[in-house]
Amino acid sequence: MDLEKDTIPLCGEGEIVLDASTFGATYEWNDGSTDPTLIIEGPGWYWVRVSSPCEVVSDSVWVFELDLSVDLGPDLEVIQGDPVLLEPEWVSPIDLSFFWEDPLGNSLSCVDCENPTAIPVEDVVYTLTLDNLEGCQASDDIAVRVIKLRGVFAPNVFSPDADGNNDFFYLQGPRDYKINVLRVFNRWGAGVFESQNTFLN
């Protein structure tokens, strides 16, 4: 009979099944139970005595609690087209692997790194799952709401008299978005100005 390992991690609020099954044997665990298996829900030393017609053997294992958790923080709002860095906080005493779920298919810069950059085009919920070398997992998700109104403002008057106040006309907004073509017409519909490949602000 062999419980295989001297130490076994207990992941969060999970449980472990210790199995000492041997054909034709009887069992005595440290809690007095006599089943071939013992369900563990907390850390500590656990031992079993296995008796067969041929021999009596004992084995023990140390079960330790392994704290693994992750927090993606509060939900976010972004303007469509703006990047946002996802910055999880986690607790783990050992190395981790990262896996991000991207429901939009290509809105994350990477799905196996710690801090991907997201550029979602619509509302989305990202989920991060952490795995450690001991087989424990933890996950969290974060909802990103995409604001599709960019808030471009076009003044309806300006005064190009070189007095330093409102001398220039330009489109304004929260970001320096590219303007492919800007055309200005007078009240009679005649074009008075045109520019290409300029930017807001």
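The values are calculated or read from the model by the stated rules, or taken from the named source; none is laboratory data. Computed from a predicted structure; not experimentally measured. Because the Cβ atoms are built from the backbone with ideal geometry, glycine has one as well, and the counts that use them run over all protein chains shown. When the accessible area is computed, the model is the full protein with side chains, heavy atoms only, and any ligands, DNA or RNA have been set aside. Shrake-Rupley method; radii C 1.70, N 1.55, O 1.52, S 1.80 Å.
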If the Cβ limit is 6 Å and pairs must be 6+ apart or interchain, which residue in the range 108-131 that is open to solvent by 20 Å² or more (accessible area, probe 1.4 Å) pairs with which residue that is among the basic types (Lys, Arg)? Asp123/Arg145
So the strands (runs of 3 or more DSSP E) completely within the range 1-45 holding 1 or more residues that are closer than 22 Å to Ile94 by Cβ, β-branched (Val, Ile, Thr) and in contact (Cβ under 8 Å) with a residue 12 or more places away in the chain are 7-11, 16-19, 37-40
Of the listed residues (Glu77, Glu55, Glu28), the one being closer than 30 Å to Asp141 by Cα and either touching a helix residue (DSSP H, G or I) at 6+ places or on another chain (Cβ under 7 Å) or open to solvent by 80 Å² or more (accessible area, probe 1.4 Å) (or both) is Glu77
Residues that are more than 11 Å from Asp123 (Cβ to Cβ) and either not small (Gly, Ala, Ser) or not in a strand (DSSP E or B) (or both), drawn from the range 63-80: Val63, Phe64, Glu65, Leu66, Asp67, Leu68, Val70, Asp71, Leu72, Gly73, Pro74, Ile79
Where Val181 falls short, out of the listed (1) open to solvent by 100 Å² or more (accessible area, probe 1.4 Å); (2) in a strand (DSSP E or B): (1)
Where the second residue is modelled with pLDDT of 90 or more and hydroxyl-bearing (Ser, Thr, Tyr) and the first is more than 20 Å from Gly12 (Cα to Cα) and lies in the range 51-74, which pairs have Cβ atoms under 7 Å and are six or more apart or on separate chains? Ser51/Thr26; Ser60/Tyr46
Could you go through the range 134-148 and let me know if any residue there is assigned to a loop (DSSP other than H, G, I, E, B), touching a strand residue (DSSP E or B) at 6+ places or on another chain (Cβ under 9 Å) and more than 30 Å from Pro9 (Cβ to Cβ). yes
If we keep just the residues of the range 184-195 that are open to solvent by 50 Å² or more (accessible area, probe 1.4 Å) and outside any loop (DSSP other than H, G, I, E, B), which is nearest to Gly81 (Cα to Cα)? Glu194
Output the number of the condition that Val84 fails; it satisfies all remaining conditions of (1) within 30 Å of Asp6 (Cβ to Cβ); (2) surrounded by 13 or more Cβ atoms within 10 Å (Cβ to Cβ); (3) out of contact with any Lys or Arg (no Cβ under 7 Å at 6 or more places or on another chain). (1)
